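Peer 1: My structure is below; once you've seen it, I'll send some questions.
Read-outs throughout are calculated quantities, based only on the coordinates presented, and are distinct from any laboratory measurement. Bear in mind that the values here come from a model prediction, so they are computed numbers and not experimental data. With ideal geometry, Cβ positions are generated from the backbone for all residues, glycine too; neighbour counts draw on all protein chains shown.
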Amino acid sequence: MRWMAKEPVISKMRKRHIRQLLAEGKRIDGRGKLDYREIRIEKGIIDTAEGSAMVCLGKTEVMAGVKVGLNVPYPDTPNEGILTVNAELVPLASPTFEPGPPDERAIELARVVDRGIRSSRAVDLEKLCIIPGRKAYILFIDIYVLNYDGNLVDASALASLGALMDTELFGYRVTDDGNVVLDRSVREPLELEDYPVAITVANVGGELIVDPCLDEELSMDAKITISVDKDGNICAIQKSGPGSFTVEQVMEAIDIAKEKAPELREIVLGGGHGQD
Amino acid sequence: MPGEKPVLIDDRGRRVDGRGPGDLRPLHVEVDVLANADGSAYVEQGNTKVLAAVYGPREIHPRHLGLPDRAVLRCRYHMAPFSVEHRKSPAPSRREIELSKVIREALEPALFLEQYPRTAIDVFVEVLQADGGTRCASITAASLALADAGIPMRDLVAACAAGKVDGVIVLDLNDVEDKYGEADVPLAMMPGLGRITLFQMDGVLTPQELVECVKLAMEGCRRIYMAQKEALRERFIRIKKEVEAGEE
């Protein structure tokens, strides 16, 4: 199966150390179990993109760019514009990222971020339609991972939301022969209807922690990403990783996500720093 | 959304196919259906039809993919081009690649991969007819195929979705309910061990509704688990009869 990813390796001693520390309630980098690493967000960093943002989550660095174009709406949704999310795990970000078509990690990452944005209806796709069945805006969100130190989903969801908040739509005009073309001299901010954030909870030897760094991800059983919209509703979930969760752990993870979501959202909306 | 939204729950509380909210679709489970595979299973859940085969533990190709301390579990979820209304290209889509990954990760907790270093266990799932719930039917079938291949397992993995359609929490969504409903929560578990191995959600639910969906999906998994065990039992009764007939 060509798309299977090559995972980084961790020494058995370090893995055991991380799990033993957690059993005592401590984390390898000194954080509390429900603490995120320092989060920094900077919007509008790429002039050639219609919207962009850079997110640093500890040493994990993710950039997201939005490009705007025109397209024919999908036949099953003639009254809606198009939103696509793509993720690139570029080789400069990790020794385990290799050039080539997106592997399963990249595809899963993009699809989980996509589900959070789509389900929460953060972007009103009907407003992106210009002529039903014929012309609509298409928004490309491209997630670019620049440094990989775990928890790519939360960082990418933040970067994508930041980039959408920074996005300006081009105007359009209809040519004499009835064609619709973009008018790049006119720009209007994209209105967002919601601000979904993703919270990833990892199960490391029975202990639940948020925002696992890479070594913690390599030591974990499995993780669950839960996206929460502005009203506190759940708008996407993905369990990922080879292990499992008990029912009680799943319920606890939902509670943790509910609790942490406003904190993350505040940071994107404020556009600055957060956490210790 | 595509086209006109149909009425999903009628005034008598019945669903589009006549089921009540907590009903599974008719389930048919069969084990050992393919001669060449080391293990195989076939699952029909309503109009969804899924075939799974397991090969292995076997020598891994290419060799450099082998791991010194455990087997590599590989999984391919694939939809037949004729399994949906509009022909699907046989090339793996992004959806199929994601589902291949989550299905593999749903099965892995049940296996003792460390017992088979330097080998591969390959799981192939073909969706022959799709009417919603294909990833869950795939997991149900694949875990039976693994058991049929004689691979030691901690438990069978059973999978079922719950969700919300027209404001009602329902079990085992079909395609129409999935498309036009408010949310879909596919879940897989090892019912004997109480461990959840696949958990996804699409759509919007309040936290309380989500908890309700999880509980209902788990109930669905337990019913499917019974059918799985029954299918395995039938298979061994069949073998016993064949052996006895041979001895006479």
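Peer 1: Quote the FRET efficiency, to the nearest 0.05, computed for B:His28 versus B:Glu242 with a Förster distance R0 of 22 Å and r equal to the Cβ-Cβ distance.
Peer 2: Details: r = 22 Å, r/R0 = 1.01.
Efficiency, rounded to the nearest 0.05: 0.50.
Peer 1: Something else about it: Over segment B:34-86, what portion of Cα pair distances is larger than 18 Å, expressed as a whole percent? Write out the running numbers ahead of the final one.
Peer 2: Numbers: 689 of 1378 pairs.
Distances greater than 18 Å cover 50 percent of the Cα pairs.
Peer 1: Same structure again: On a C-alpha basis, how far is the centre of segment A:127-144 from the centre of segment A:37-88 in Å? Whole number, if you could?
Peer 2: Cα centres, segment A:127-144 to segment A:37-88: 13 Å.
Peer 1: Helix B:207-247 against the longest principal axis of chain B: what's the angle in degrees, Cα atoms only, rounded to the nearest 10?
Peer 2: Between helix and principal axis, roughly 40 degrees.
Peer 1: Let me ask another. Neighbouring Cβ atoms within 10 Å as the yardstick, rank A:Ile141, B:Ile237 fewest first. Spell out each step's value before the answer.
Peer 2: Values: A:Ile141 26, B:Ile237 10.
Ascending number of Cβ neighbours within 10 Å: B:Ile237, A:Ile141.
Peer 1: For chain B, set up a GNM with springs between Cα atoms under 10 Å and report which of B:Ala130, B:Ala80, B:Ala41 has the largest fluctuation.
Peer 2: B:Ala80
Peer 1: With Cβ to Cβ distances under 10 Å as the rule, what net charge do the other residues near A:Val68 carry (K, R +1; D, E -1)?
Peer 2: Numbers: positive: A:Lys67, A:Arg184, A:Arg187; negative: A:Glu50, A:Glu168.
Its environment carries a net charge of +1.
Peer 1: I've got another one for you. Compute the acute angle (0 to 90°) between the alpha-carbon long axis of helix B:134-148 and the principal axis of greatest extent of the alpha-carbon atoms of chain B; round to the nearest 10°.
Peer 2: Orientation of helix B:134-148: about 20 degrees from the principal axis.
Peer 1: Here's something else I'd like to know. Quickly work out the A:Glu126-to-A:Asp255 label distance, labels modelled 7 Å from Cα along the C-beta direction, and quote it in nm with one decimal.
Peer 2: In this crude label model, A:Asp255 to A:Glu126 measures out at 3.9 nm.
Peer 1: Just to be sure I follow: if Rg is taken over the C-alpha atoms of the protein assembly as shown and Rh is the Kirkwood radius over the same atoms, what is Rg/Rh?
Peer 2: Working: Rg = 23.5 Å, Rh = 24.1 Å.
Checking Rg against Rh, the ratio lands at 0.98.
Peer 1: Another question, if that's okay. Counting partner chain Cβ atoms within 10 Å of every residue's Cβ in A:77-88, what's the average? Display every interim value, and only then the final one.
Peer 2: Working: counts 3, 2, 1, 2, 0, 0, 0, 0, 0, 1, 0, 0.
Mean inter-chain Cβ contacts per residue within 10 Å come to 1.
Peer 1: Still on this structure, please answer the following. Other chains' Cβ within 10 Å of A:249-258 residues: what's the mean?
Peer 2: On the way: counts 2, 9, 5, 0, 1, 5, 2, 0, 1, 1.
So the per-residue partner count for this stretch is 3.
Peer 1: I've got another one for you. Distance between Cα centroids, segment A:173-226 to segment B:1-69: provide it in whole Å.
Peer 2: Rounded to whole Å, the Cα centres lie 30 Å apart.
Peer 1: Over all directions, how big on average is the projection of the convex hull of the alpha-carbon atoms in segment B:27-243, in square nanometres? Mind dumping the intermediate values first?
Peer 2: Details: hull surface 50.6 nm².
Over every viewing direction, the Cα hull of segment B:27-243 projects on average to 12.7 nm².
Peer 1: So, one more: Take segment A:1-108, compute every pairwise Cα distance, and split them into 5 Å bins from 0; I just need the percent in each bin.
Peer 2: 2, 9, 11, 13, 16, 17, 13, 8, 4, 3, 3, 0
Peer 1: Share of antiparallel DSSP beta bridges in segment B:50-143, in percent to the nearest 5?
Peer 2: Working: 8 of 16 bridges.
Percentage antiparallel, nearest 5: 50.
Peer 1: Further, regarding this structure: For B:Asn47 and B:Lys215, compute 0.36 nm times the residue count separating them, minus their Cα-Cα distance, and round to one decimal in nm.
Peer 2: Details: separation 168, 0.36 × 168 = 60.48 nm, distance 2.43 nm.
Computed gain between B:Asn47 and B:Lys215 is 58.1 nm.
Peer 1: Only helical DSSP H runs with n ≥ 4 go in: add -39500 (n - 2.57) per run for the protein assembly as shown, normalise by residue count and round the 222 nm mean residue ellipticity to 500 deg cm²/dmol.
Peer 2: Values: 9 runs with 148 residues, N = 524.
It comes out at -9500 deg cm²/dmol, rounded to the nearest 500.
Peer 1: Quick one: which of A:181-190, A:253-262 comes out on top by average Cβ neighbours within 10 Å, and what's the full order, highest first? The partial results should precede the final answer.
Peer 2: On the way: A:181-190: 12.7, A:253-262: 19.2.
The packing order, highest mean first, is A:253-262, A:181-190.
Peer 1: Which one, B:Pro68, B:Pro109, B:Pro57, has the greatest fluctuation when you compute a Gaussian network model over chain B with C-alpha springs under 10 angstrom?
Peer 2: B:Pro68
Peer 1: What ranking do A:18-29, A:240-251 get when scored by the average of other Cβ atoms within 10 Å per residue, highest first? Please list the in-between numbers first.
Peer 2: Working: A:18-29: 14.8, A:240-251: 19.4.
Answer by packing, highest mean first, reads A:240-251, A:18-29.
Peer 1: Separate question: Apply 1/(1 + (r/R0)^6) to the Cβ-Cβ distance of B:Asp17 and B:Phe82, taking R0 = 25 Å, and write down the FRET efficiency to the nearest 0.05.
Peer 2: Working: r = 22 Å, r/R0 = 0.88.
Efficiency computed from Cβ-Cβ geometry: 0.70.
Peer 1: Would you work out the Kirkwood radius for segment A:150-197? I mean one over the mean of 1/r across all pairs of different Cα atoms, in Å. Let's see the in-between values first.
Peer 2: Values: mean 1/r = 0.0773 Å⁻¹.
About 12.9 Å, per the Kirkwood formula over Cα pairs.
Peer 1: I've got another one for you. For segment B:121-248, treating each Cα as an identical point scatterer without solvent, what Debye log10 I(q)/I(0) comes out at q = 0.14, 0.17, 0.21, 0.23 1/Å?
Peer 2: With no solvent term, the Cα-only Debye profile gives -0.65, -0.87, -1.17, -1.31.
Peer 1: So for the pair A:Lys12, B:Leu193, with labels modelled 7 Å out along Cα→Cβ, what separation do we get in nm?
Peer 2: In this crude label model, A:Lys12 to B:Leu193 measures out at 2.0 nm.
Peer 1: If you average 1/r over every pair of different alpha-carbon atoms in segment A:12-274 and take one over that average, what Kirkwood value in Å do you get? Don't skip to the end; give the middle numbers.
Peer 2: Details: mean 1/r = 0.0521 Å⁻¹.
For segment A:12-274, inverting the mean 1/r across all distinct Cα pairs yields 19.2 Å.
Peer 1: Applying a 10 Å radius around every beta-carbon, put B:147-160, A:53-66 in order of their mean neighbour count, most first. Mind dumping the intermediate values first?
Peer 2: Working: B:147-160: 21.5, A:53-66: 24.2.
My ranking of the peptides, most packed first, is A:53-66, B:147-160.
Peer 1: Multiply the residue separation of A:Asp231 and A:Val72 by 0.36 nm, subtract the distance between their alpha-carbon atoms, and state the gained length in nm to one decimal.
Peer 2: On the way: separation 159, 0.36 × 159 = 57.24 nm, distance 3.26 nm.
Computed gain between A:Asp231 and A:Val72 is 54.0 nm.
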